[in-house]
1. Would you tally the net charge around residue 89, using a Cβ to Cβ cut-off of less than 15 Å, leaving residue 89 out, and scoring K and R as +1, D and E as -1?
2. Can you check what the net charge comes to around residue 121, using other residues whose Cβ is under 11 Å from the Cβ of residue 121 (Lys, Arg +1; Asp, Glu -1)?
3. Relative contact order (percent) for the range 47-115, with alpha-carbon contacts under 8 angstrom and 6 or more residues of separation?
4. What does the charge add up to near residue 8, with Lys and Arg as +1, Asp and Glu as -1, over the other residues with Cβ less than 14 Å from its Cβ?
5. For the chain, modelled as a Gaussian network with Cα springs under 10 Å, which listed residue fluctuates most, 33, 20, 120?
6. Taking DSSP loops as anything outside H, G, I, E and B, show the longest stretch in the chain free of trypsin sites (Lys or Arg not before Pro) there with at most 15 other beta carbons within 10 Å.
7. Quick one: length gained pulling residue 38 to residue 16 fully straight, 0.36 nm per residue minus the C-alpha distance?
8. Which far-off residues, 5 or more places away or on another chain, put their amide H under 5 Å from the one on residue 25, with H placed in the peptide plane?
Amino acid sequence: MPADYNGTWEMVSNDKFEDIMKAIDIDFATRKIAAHLSQTKVIVQNGDKFETKTLSTFRNYEVNFVVGEEFEETTKGLDNRVVKTLVTWDGDKLVCVQKGEKENRGWKHWIEGDLLHQEITCKDKVCRQVFKKKQ
């Protein structure tokens, strides 16, 4: 059985987030606001089915997926692009590849203890975020 991602996760670090926002063409004003926000992730996992919400005081983003099934994702509230998204397991890591006009776009999630790690990539940029499980 893969890792259990269920829970509410509160951001504890957000390294190079502005670099990723620039790479996906987020406008200047939105980048300045978003760079100072703390995010909370709410993940409901039922086997390979995931319902995820990323919450902040500025914008919320929701994406639901089944591991191994490609789907069309509209990144509404982020950069408003349509991408083909595929999330797969790599051991206990969730690996997402988003195909569209930006190359090397996607993310990885993995858990170490009570920490959820997220690595976001776009082009040659990498952002590393860490979330702590809320008790």
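1. -3
2. Details: positive: 16, 102, 105, 108, 123, 125, 128; negative: 19, 103, 119, 124.
Overall, the nearby charge balance is +3.
3. 19 percent
4. Residues near residue 8 contribute +1 overall.
5. Ranking 33, 20, 120 by mean-square fluctuation puts 33 first.
6. With a cap of 15 other Cβ atoms within 10 Å, the longest stretch comes to 77-122.
7. 6.5 nm
8. Sorted by chain and number, the residues that satisfy this come to none at all.
The values are calculated or read from the model by the stated rules, or taken from the named source; none is laboratory data. No experiment lies behind these values; they were computed from the predicted model shown. Note that each Cβ is placed from the backbone with ideal geometry, even for glycine, and that neighbours are counted across all protein chains shown. Quick note on the areas: whole protein, heavy atoms, side chains included, nothing else; ligands and nucleic acids left out. Shrake-Rupley method; radii C 1.70, N 1.55, O 1.52, S 1.80 Å.
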